[in-house]
Amino acid sequence: VEGSRDGVLVYSTQFEQLQMLAEDTGEVLWRQSLESRPLTQPVIAAGTIFITTANNELWQVAADTGRALAKLKFPQAITGPPAFSSDGQVMIMPGDQIMVYTISLNPFGCLAASQIPHGPGSVRVPVAAAGRYFLMCDNQTTAKARIQTLQLETSGQLTVVSENAVDGQVQDPMLLRG
């Protein structure tokens, strides 16, 4: 993580803390207790760390000080890390099933909850951003997956504009080309 001192972000299971370690010495630069363990790798943007936890929370932490700025609690498990819109104003994050959340960054909060079909635990890879569109893969069976193209409306709502079936399951993050 780049900041006043370059560091490595880790989670200590012993102390249940997010910790920033100095890249050159390993010294602890800051610690932030979390109420639950992280579920996915964090996303870092504009000096802010966003991390999802097993308590169905999305934390916003200042990268330079480790101070918790805010956290959002969701009514179901969330699948992270979030994907950012092309203008960097919102993040998209699927819930465990049916709902996909649009999170406003300023002010930090849930802007919209959209009903986008996907089953419990079926989204295994992060949503991919492509302009004002987002691609979400959900594994429907052991032999089939679906890629849904979601369009972000100005209200924060998402709508499905297309969907395509693929053979097999999607277990690896998507790569966009072109």
**Message:** So if I check each of ILE116, ILE103, ILE92, ILE49, which one is surrounded by 12 or more Cβ atoms within 10 Å (Cβ to Cβ), more than 22 Å from GLN157 (Cβ to Cβ) and touching a residue at least 40 places away in the same chain (Cβ under 8 Å)?
**Reply:** ILE49
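Within the range 11-50, can you find the residues that are β-branched (Val, Ile, Thr) and more than 26 Å from VAL123 (Cβ to Cβ)?
If the condition is that a residue be β-branched (Val, Ile, Thr) and more than 26 Å from VAL123 (Cβ to Cβ), then THR25, VAL28 are the ones that fit.
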**Asked** LEU39 passes all but one of (1) within 16 Å of LEU150 (Cα to Cα); (2) open to solvent by 50 Å² or more (accessible area, probe 1.4 Å); (3) touching a residue at least 40 places away in the same chain (Cβ under 8 Å); which number fails?
**Response** (1)
**Search result, residues across the range 148-164 that are more than 20 Å from LEU105 (Cα to Cα) and in contact (Cβ under 8 Å) with a residue 24 or more places away in the chain** = GLN148, THR159, VAL160, VAL161
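Within the range 144-162, how many residues are assigned to a strand (DSSP E or B) and surrounded by fewer than 14 Cβ atoms within 10 Å (Cβ to Cβ)?
The number of residues fulfilling the criteria is 4.
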**Message:** Within the range 131-145, does at least one residue satisfy the condition of being touching a Phe, Trp or Tyr at 6+ places or on another chain (Cβ under 8 Å) and of a type outside the set (S, T, N, Q)?
**Reply:** no
**Asked** Can you name every residue in the range 16-31 that is in contact with a Lys or Arg (Cβ under 7 Å, 6 or more places away or on another chain) and over 22 Å from ALA77 (Cα atoms)?
**Response** GLN19, ALA22, LEU29
**Message:** Go through the range 144-162 and report how many residues are closer than 15 Å to GLY119 by Cα and more than 21 Å from the chain's Cα centre (by Cα).
**Reply:** 1
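The values are calculated or read from the model by the stated rules, or taken from the named source; none is laboratory data. Here the structure is a predicted model, which is why all the values come from computation and not from measurement. In this analysis, Cβ positions are derived from the backbone assuming ideal geometry, glycine residues included, and neighbour counts consider all displayed protein chains. Ligands, DNA and RNA are stripped out before the accessible areas are found, and what is left, the full protein with its side chains, is counted by its heavy atoms. Shrake-Rupley method; radii C 1.70, N 1.55, O 1.52, S 1.80 Å.
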